[in-house]
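The values are calculated or read from the model by the stated rules, or taken from the named source; none is laboratory data. These numbers were taken from a predicted model, which means no experiment stands behind them. Backbone-built Cβ (ideal geometry, glycine too); neighbour counts: all protein chains shown.
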2 protein chains.
Amino acid sequence: MTETGPRPTLEAVAERAGVSRATVSRVVNGAHGVRDALAERVRRAVEELGYVPNHAARSLVTRRHQAVAVVAAEPETRVFADPYFAQQLRGISKELTAHDNQLVLLLTEGREDHARVGRYLAGGHVDGALVFSLHLHDPLPGLVRSAGVPTVFGGRPDWDDGRDDVVYVDSDNRGGARSAVHHLAGLGRTRIAHITGPLDQTSAADRLAGFRDVRPGAGPGLVARGDFTSGGGERAMRELLDRCPGLDAVFAANDLTAAGALRVLRERGRRVPDDVAVVGFDDMLPVAEQTDPPLTTVRQDIEGMGRLMARLLLRGLDRRAADATDFDAARTPTAAPPGVVLPTTLVHRSTA
Amino acid sequence: MTETGPRPTLEAVAERAGVSRATVSRVVNGAHGVRDALAERVRRAVEELGYVPNHAARSLVTRRHQAVAVVAAEPETRVFADPYFAQQLRGISKELTAHDNQLVLLLTEGREDHARVGRYLAGGHVDGALVFSLHLHDPLPGLVRSAGVPTVFGGRPDWDDGRDDVVYVDSDNRGGARSAVHHLAGLGRTRIAHITGPLDQTSAADRLAGFRDVRPGAGPGLVARGDFTSGGGERAMRELLDRCPGLDAVFAANDLTAAGALRVLRERGRRVPDDVAVVGFDDMLPVAEQTDPPLTTVRQDIEGMGRLMARLLLRGLDRRAADATDFDAARTPTAAPPGVVLPTTLVHRSTA
């Protein structure tokens, strides 16, 4: 086996390279202004002795960088265009900053870049990760898992292998959808339609399930597929009116979808809420207040979800550090339930 | 001095800790499922032997993580609210992704968090940094400099110590401003006002300088201070109309400012461009097309600036790796000029 002595010091590197301590320090910390030949000698000595700079050694032992990665399974353009991400990030940023942890947002152009994100996570640059907006068959959770960093997911991951060791924060999407449709039914509406979100996301699938809980008999003509954007809401609303001109209510999977639906209803001469009542989901501001008329919607605490994701992760990391134990300890029921589901509330404005 | 042998191996750690190679590997890579007592023994052996995991050792020698930090000297909320950042990031993201580099966006709540950003940069987690939106007396450039990472700045930094070793990308703010004011003067306007940006940023200061180049005699009554937001544009426009009701043209420091000014002009019954001609700066879409009437403005290639910042940084890093030389080599005039200033063009729409 290899002979090993005690940990090599900065002094040892300086002596081996025949330079001053200050020069070693400058090279190791990537500072400028060291002559190439000198820098090369220092680097060779570092390699030969297996010297580890203090900051790297420290983080190897405590394994804390005071930095947390945030990964959204969406391209950079979408992350910046969708107010949902901005709001969730606001909560995450506040919580991480309050605990002096650096928010490290890893952006991508698309799914093909997820392997690189996995490599960065595995590279020991962050203490943990917050991952959200997962889609079905997304390779990202697997990459995060093999990177071996403690992770909290935003939204219930859609995994069918019976795993129960995943920490996530979600809203009660199904219960919230039920309350929206109950409200519409309570107004005496009988032809209630639903515009879904992208059904490869659990949030959209759960809202559709809530709609079906209350209206098990709704025919396929009363359900149209959207994509959580206002353009998708417009397209779906046109489809629904063509198929079922007599519909008298719409539950839209989110507020942007509802905003698009409202534009088409006005364009087709339907009065809201007199002819058609509309309920959205999110209570995304200012969108929900600025629709014409202002939107009745199911409120979820998006910023609060972000804060809670960050809090659960930091708590798990603290526990891990304190007990020198595994992150799994933070995932036992006594520490934090694997899934935390936050309640929703119906906000009454003018569309229903 | 300290006795030092050759670089300790994974096997040596396994033998010292009395565990298998696989267990050491799992602990060192932060994987789950290793019993606490075992993990603790491994960590102690790692520390005693000064073992460096391969990936850390590799990056210590090659000093490449294939990751670049992006830092905006603005709070997280502003980064997500201002379309300027989104557009610059789009350029950066495309360029970094094309070269398989991870974009690491470091977000903060405010200036008090900049020391933490400096620590992360100094921690050896990225190869370089792109830093933008600097303000006068901002501690960030100093922190970035002492972190010792190669950096390209977005916008000309406002340093008065004669430094010429700073790589930055900027637009021709002064020349663009001159072309806007020349255009207004060419329309026969004689009482041309200017709404500035925040004058602690060089972009705003340079646009004011361009205005003064063309209208050296403009009195203080014709210049009002804004802040690059539409709210600031509204306030400044009211001030200007109160002070100088006969003004017949406005050069606004950016498009958001112009949008605010146009709202106030309409509210006060001024016809645009008949009574008052307006020119903005940025050609920020969709803002500039959606004002009423559509905005004549000075176009700068914001996304292109982002791409170029990333390209200059990566080129410097490649050169550094190839020559095993310092990043400064990439900053000599033959490699890349310290400051690259991109041209602007006047885009004619309906306000002037």
### Task
Assess whether A:L121 counts as being in the same structural domain as A:V276 (by TED's automatic domain parsing) and out of contact with any Gly (no Cβ under 7 Å at 6 or more places or on another chain).
no
#### Entry: Selection status of B:H135, surrounded by fewer than 20 Cβ atoms within 10 Å (Cβ to Cβ) and either touching a helix residue (DSSP H, G or I) at 6+ places or on another chain (Cβ under 9 Å) or assigned by TED's automatic domain parsing to the domain that holds B:D318 (or both)
yes
### Count - residues of region A:242-272 that are touching a Lys or Arg at 6+ places or on another chain (Cβ under 6 Å) and not in a loop (DSSP other than H, G, I, E, B)
2
### Query
Do we have any residue at all in region B:162-182 that's farther than 30 Å from B:D213 by Cβ, in contact with a helix residue (DSSP H, G or I) (Cβ under 9 Å, 6 or more places away or on another chain) and within 11 Å of chain A (Cβ to nearest Cβ)?
no
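Per-residue answers, yes or no, for (1) under 18 Å from B:K94 (Cβ atoms); (2) in a loop (DSSP other than H, G, I, E, B); (3) within 7 Å of chain B (Cβ to nearest Cβ):
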site: A:Q88; (1), (2), (3): no, no, no
site: A:G91; (1), (2), (3): no, no, no
site: A:L105; (1), (2), (3): yes, no, yes
site: A:E109; (1), (2), (3): yes, yes, yes
site: A:D113; (1), (2), (3): yes, no, yes
### Task
Can you tell me which residue within region B:1-38, out of those that are within 7 Å of chain A (Cβ to nearest Cβ) and in a helix (DSSP H, G or I), is modelled with the highest pLDDT?
B:E15
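Is there a residue in region A:187-196 that is among the β-branched types (V, I, T), assigned to a helix (DSSP H, G or I) and over 18 Å from the mean Cα position of the chain (by Cα)? I'd like the intermediate steps shown before the answer.
Residues of region A:187-196 among the β-branched types (V, I, T): A:190, A:192, A:195-196.
Then keep just the ones that are assigned to a helix (DSSP H, G or I); that gives none.
Checking region A:187-196: not a single residue is among the β-branched types (V, I, T), assigned to a helix (DSSP H, G or I) and over 18 Å from the mean Cα position of the chain (by Cα).
Kindly evaluate A:R44 against the criterion of being surrounded by fewer than 17 Cβ atoms within 10 Å (Cβ to Cβ) and at pLDDT 80 or above. Outline the logic, then answer.
Numbers: surrounded by fewer than 17 Cβ atoms within 10 Å (Cβ to Cβ): yes; at pLDDT 80 or above: yes.
Yes: the conditions hold for A:R44.
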### Message
Please determine whether any residue of region A:326-349 is hydroxyl-bearing (S, T, Y), at pLDDT 95 or above, farther than 26 Å from A:G154 by Cβ and in a loop (DSSP other than H, G, I, E, B).
### Response
no
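Can you tell me which of A:A209, A:A236, A:A205, A:A218 is closer than 19 Å to A:V181 by Cβ and crowded, with 22+ Cβ neighbours inside 10 Å?
Numbers: A:A209 fails: crowded, with 22+ Cβ neighbours inside 10 Å; A:A205 fails: crowded, with 22+ Cβ neighbours inside 10 Å; A:A218 fails: crowded, with 22+ Cβ neighbours inside 10 Å.
After applying the criteria, what remains is A:A236.
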### Message
One residue is enough: does region A:117-131 have a residue meeting the conditions under 13 Å from the mean Cα position of the chain (by Cα) and more than 19 Å from B:L106 (Cβ to Cβ)?
### Response
no
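In contact with a Ser or Thr (Cβ under 9 Å, 6 or more places away or on another chain) and either surrounded by 23 or more Cβ atoms within 10 Å (Cβ to Cβ) or basic (K, R) (or both), is that true of A:R119? Working first, answer last.
Numbers: in contact with a Ser or Thr (Cβ under 9 Å, 6 or more places away or on another chain): no; either surrounded by 23 or more Cβ atoms within 10 Å (Cβ to Cβ) or basic (K, R) (or both): yes.
It is false that A:R119 is in contact with a Ser or Thr (Cβ under 9 Å, 6 or more places away or on another chain) and either surrounded by 23 or more Cβ atoms within 10 Å (Cβ to Cβ) or basic (K, R) (or both).
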### Message
So, in region A:289-310, exactly how many residues are more than 20 Å from A:L342 (Cα to Cα) and in a helix (DSSP H, G or I)?
### Response
2
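Mind listing just one residue for me: the one in region A:115-155 that is assigned to a loop (DSSP other than H, G, I, E, B) and under 22 Å from B:A72 (Cα atoms) and, of those, farthest from the other protein chains (Cβ to nearest Cβ)?
So in region A:115-155, the residues assigned to a loop (DSSP other than H, G, I, E, B) come out as A:123-127, A:133-139, A:148-150, A:155.
Within this subset, residues satisfying the condition of being under 22 Å from B:A72 (Cα atoms) are A:125-126.
On the way: A:H125: 4, A:V126: 8 Å.
Ranking the candidates gives A:V126 first.
Quick one: would you say B:A122 is within 23 Å of B:M309 (Cβ to Cβ) and modelled with pLDDT under 90?
Values: within 23 Å of B:M309 (Cβ to Cβ): yes; modelled with pLDDT under 90: yes.
Here the answer is yes, as B:A122 does meet what is asked.
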### Task
Please verify whether region B:225-240 includes one or more residues that are outside any helix (DSSP H, G or I), at pLDDT 95 or above and closer than 17 Å to B:R191 by Cβ.
no
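Does B:T151 qualify as being over 21 Å from A:T97 (Cα atoms), in contact with a helix residue (DSSP H, G or I) (Cβ under 9 Å, 6 or more places away or on another chain) and assigned by TED's automatic domain parsing to the domain that holds B:L308?
On the way: over 21 Å from A:T97 (Cα atoms): yes; in contact with a helix residue (DSSP H, G or I) (Cβ under 9 Å, 6 or more places away or on another chain): yes; assigned by TED's automatic domain parsing to the domain that holds B:L308: yes.
The answer is yes for B:T151.
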